[in-house]
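Notes follow once the structure below has been shown.
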Amino acid sequence: MKCKKILYSLFLIGINGCCFANELLIENVTLISPDRHKPLKHANIRIIDDQIIEVSTSAILQSKESIKIDGTGQFLIPGLMDSHVHVSNMPGVNNSVKAVALEKEFLQQQPRSYLYFGVTQLLDPSQSEQAIVTFNQSEQKPDLFHCGAAPILGGYPTVWSDEATTLKNKRYLILEQNTNIKLPKNYDITQHTPEAVVARMAEDGAICVKVFIEDGFGHNNDWPLISKQLLQRVRAAATKHGLMMMAHANAFDMQQIAIASDVDVIAHGMWNWLDFNRQPAIPKDIRILLDEIINKGMIFQPTFSVMDGLKSITINDTMADPLYKKVVSTNALNWYQSKAGQWFKEIVLGDYDNMLLEKIHQNQDRKIFQGEKVVQYLKENGLPMVLASDTPSAPLYVSQPGYSTYKELQHLFKAGLNYKEVLAAATINNAKAFGLDDKYGTVEPGKFANLLLLNQNPLLTIDAYNEIDKVIVKGKAIDRESLAVK
């Protein structure tokens, strides 16, 4: 015991030989971690700086300077990870509908909004460099990882931009070397091969490459698709640089291409069954495709929030939700309710050619049902699910940081995941999927101290994820309500 005390004292001594490390001690809490078969009651957890140092049911030796939290009657779990978000823009705003002051306010609050709902890790699969800088300037923020997004000219999502703008602004744009497109003077096409683009992503610190397999939304089905040859080259380059390959694909035919290209991650649920629509059970051809996903061990992001958001924007009660108002300012709320703020709702309704709202909702509910059936099949056949909200998937004011993650978590439960599976999807499954499980996903020594202190048991109720007392980020405990929008 004497030796242990000496070693611990030496550990606490700082560089100058006089300063103590930051220590947090959580006492007498019920520890729930996805790597444990059952909760550990009366647990004590010691955190030094940003790491978990010790987990024990015995009393823990502590310094006089340690901060203590009495966890009696509470539950400690790993912080949540949302593996599909977009931190670049304020929901409900695009290039033609600007609200500059509101956007600035939003970007300052955004990291805190994710923390408010317990999200301590994020993956942005199509970020802008400036967005990452802005996000990371916040004092209180989740840990942010990113992919490099590699569109082709004229394909999704560059379909809404002119060629000149795309060529100028898309750092990771992939071009065919024999393109007939007239390029700007001094434009170096050799920097836009799959090999050059993926190498640049790796240099920029990306952990994955995102490609887009999308031939159109709504009435569109003629957008250019990335070629099979380019997909093969992206796959080879990603493997060379140790990056994962993610594919935007949400329909049966698009996911066929993604699977044939041997991607690691399919970024979206399959809610579009195309010729199989209106069938109550999963058709044989789709089952065959899903079996390939299972056999290859791919990561599948259900992203229910996409279809949920498109439906919710046509329902007026979303903005009345007290939880929504925790992360949306009064200024933003007033703007969203104005005619200018309702612009995308009109586009969504217009896409249905003046169909009655009841019929629109029936159409949307069918696609949501199809997405749920796919997740149920994958889950029942052993594929681990991950929490991924795609916040915001479109200019949807209903899709807000943290709020949409919580709604996605609830929808996973509605789709058939049990309490333990939901916890795993939001923690260890995401960490393992993206190679982050050496530091995230469980509560054990050596892991980063990104944790949630809950007032309810998440193995007994899904409401526990809205009963957060404290969010702990890299060893610093934050009262949840202090993170709400001012």
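Among the residues of the stretch 360-413, how many are assigned to a loop (DSSP other than H, G, I, E, B) and more than 22 Å from residue 107 (Cα to Cα)?
Result for the stretch 360-413: 7.
Which number in (1) over 26 Å from residue 144 (Cα atoms); (2) of a type in the set (A, V, I, L, M, F, W, C); (3) buried (at least 22 other Cβ atoms within 10 Å of the Cβ) marks the one condition that residue 198 misses?
For residue 198, the failing item is (1).
When the stretch 92-111 is examined, which residues are found to be in a helix (DSSP H, G or I) and modelled with pLDDT under 90?
100, 101
Which of (1) open to solvent by 30 Å² or more (accessible area, probe 1.4 Å); (2) modelled with pLDDT of 95 or more is the odd one out, the single condition residue 317 does not satisfy?
The single condition residue 317 does not satisfy is (2).
Go over the candidates 207, 132, 213, 189 one by one and state the one that is modelled with pLDDT of 85 or more, touching a strand residue (DSSP E or B) at 6+ places or on another chain (Cβ under 7 Å) and more than 27 Å from residue 106 (Cα to Cα).
So the residue among 207, 132, 213, 189 that is modelled with pLDDT of 85 or more, touching a strand residue (DSSP E or B) at 6+ places or on another chain (Cβ under 7 Å) and more than 27 Å from residue 106 (Cα to Cα) is 213.
Within the stretch 330-349, identify whether any single residue is within 22 Å of the chain's Cα centre (by Cα) and touching a residue at least 60 places away in the same chain (Cβ under 8 Å), and answer yes or no.
So far as the stretch 330-349 goes, no, none of its residues is within 22 Å of the chain's Cα centre (by Cα) and touching a residue at least 60 places away in the same chain (Cβ under 8 Å).
Looking only at the stretch 336-384, filter to residues that are touching a helix residue (DSSP H, G or I) at 6+ places or on another chain (Cβ under 6 Å) and surrounded by fewer than 19 Cβ atoms within 10 Å (Cβ to Cβ); which one of those is farthest from residue 411 (Cα to Cα)?
352
Condition first: over 11 Å from the mean Cα position of the chain (by Cα), among the hydroxyl-bearing types (Ser, Thr, Tyr) and at pLDDT 95 or above. Now tell me which residues in the stretch 112-126 satisfy that.
Correct list: 113, 116.
Kindly establish whether residue 189 is more than 30 Å from residue 82 (Cβ to Cβ), out of contact with any Ser or Thr (no Cβ under 9 Å at 6 or more places or on another chain) and open to solvent by less than 60 Å² (accessible area, probe 1.4 Å).
no
Step by step: first the residues of the stretch 31-75, then only those that are open to solvent by less than 30 Å² (accessible area, probe 1.4 Å) and more than 16 Å from residue 447 (Cα to Cα), then the one that is modelled with the lowest pLDDT. Which residue is that?
63
I'm told residue 219 meets every condition in (1) open to solvent by 30 Å² or more (accessible area, probe 1.4 Å); (2) within 30 Å of residue 347 (Cβ to Cβ); (3) assigned to a helix (DSSP H, G or I) except one. Can you identify the failing condition by its number?
That leaves (3) as the condition not met.
If you scan the stretch 8-30, which residues turn out to be at pLDDT below 50 and surrounded by 10 or more Cβ atoms within 10 Å (Cβ to Cβ)?
Within the stretch 8-30, 8, 9, 11, 12, 13, 19 qualify.
If you check every pair at least six apart or on different chains, which have Cβ atoms under 7 Å apart with a residue in the stretch 54-75 that is hydroxyl-bearing (Ser, Thr, Tyr) first and a residue that is at pLDDT below 95 and outside any strand (DSSP E or B) second?
Matching pairs, first to second residue: 63/12.
Residue 476 - would you say it is farther than 28 Å from residue 267 by Cα, out of contact with any strand residue (DSSP E or B) (no Cβ under 7 Å at 6 or more places or on another chain), open to solvent by 30 Å² or more (accessible area, probe 1.4 Å) and modelled with pLDDT under 95?
Answer is no for this residue.
I need a count of the residues in the stretch 266-306 that are part of a helix (DSSP H, G or I) and open to solvent by 20 Å² or more (accessible area, probe 1.4 Å).
Qualifying residue count for the region: 12.
Do we find that residue 203 is under 28 Å from residue 425 (Cα atoms), free of Cβ contacts under 8 Å to residues at least 12 places away in the same chain, open to solvent by 60 Å² or more (accessible area, probe 1.4 Å) and not hydrophobic (A, V, I, L, M, F, W, C) in this structure?
no
List, please: which pairs have Cβ atoms under 6 Å, are six or more places apart or on different chains, and start with a residue in the stretch 24-53 that is touching a residue at least 60 places away in the same chain (Cβ under 8 Å) and end with one that is surrounded by 15 or more Cβ atoms within 10 Å (Cβ to Cβ) and of a type in the set (Lys, Arg)?
That search, which allows pairs on different chains as well, returns 50/474; 52/447; 53/46.
Exactly one condition in (1) touching a residue at least 40 places away in the same chain (Cβ under 8 Å); (2) open to solvent by 40 Å² or more (accessible area, probe 1.4 Å) is not met by residue 169; state its number.
Among (1) touching a residue at least 40 places away in the same chain (Cβ under 8 Å); (2) open to solvent by 40 Å² or more (accessible area, probe 1.4 Å), the lone unmet condition for residue 169 is (1).
Working carefully through the options 429, 450, find the one that is touching a residue at least 24 places away in the same chain (Cβ under 8 Å), under 20 Å from residue 37 (Cβ atoms) and crowded, with 21+ Cβ neighbours inside 10 Å.
So the residue among 429, 450 that is touching a residue at least 24 places away in the same chain (Cβ under 8 Å), under 20 Å from residue 37 (Cβ atoms) and crowded, with 21+ Cβ neighbours inside 10 Å is 429.
I'm trying to understand the selection: among the residues of the stretch 238-265, which are at pLDDT below 95 and either open to solvent by 20 Å² or more (accessible area, probe 1.4 Å) or in contact with a Phe, Trp or Tyr (Cβ under 6 Å, 6 or more places away or on another chain) (or both)?
252, 253
Taking residue 409, is it touching a helix residue (DSSP H, G or I) at 6+ places or on another chain (Cβ under 7 Å), buried (at least 20 other Cβ atoms within 10 Å of the Cβ) and more than 20 Å from residue 264 (Cα to Cα)?
So residue 409 fits the description; yes.
Which one of these is touching a strand residue (DSSP E or B) at 6+ places or on another chain (Cβ under 8 Å) and open to solvent by 10 Å² or more (accessible area, probe 1.4 Å): 102, 144?
144 is the lone residue from the list that is touching a strand residue (DSSP E or B) at 6+ places or on another chain (Cβ under 8 Å) and open to solvent by 10 Å² or more (accessible area, probe 1.4 Å).
What's the number of the only condition in (1) out of contact with any helix residue (DSSP H, G or I) (no Cβ under 8 Å at 6 or more places or on another chain); (2) open to solvent by 20 Å² or more (accessible area, probe 1.4 Å); (3) closer than 30 Å to residue 266 by Cβ that residue 464 fails to meet?
If we test residue 464 against (1) out of contact with any helix residue (DSSP H, G or I) (no Cβ under 8 Å at 6 or more places or on another chain); (2) open to solvent by 20 Å² or more (accessible area, probe 1.4 Å); (3) closer than 30 Å to residue 266 by Cβ, just (2) comes out false.
Return the residues of the stretch 222-237 that are open to solvent by less than 60 Å² (accessible area, probe 1.4 Å), closer than 15 Å to residue 158 by Cβ and not β-branched (Val, Ile, Thr); say none if nothing qualifies.
Residues satisfying the conditions are 223, 230.
The values are calculated or read from the model by the stated rules, or taken from the named source; none is laboratory data. Quick caveat, the model's predicted, so the values are computed rather than measured. Using ideal geometry, Cβ is built from the backbone for each residue, glycine included, and neighbour counts are taken over all protein chains shown. Each accessible area value is taken on the protein alone, full model and side chains, heavy atoms only, with ligands, DNA and RNA left out. Shrake-Rupley method; radii C 1.70, N 1.55, O 1.52, S 1.80 Å.
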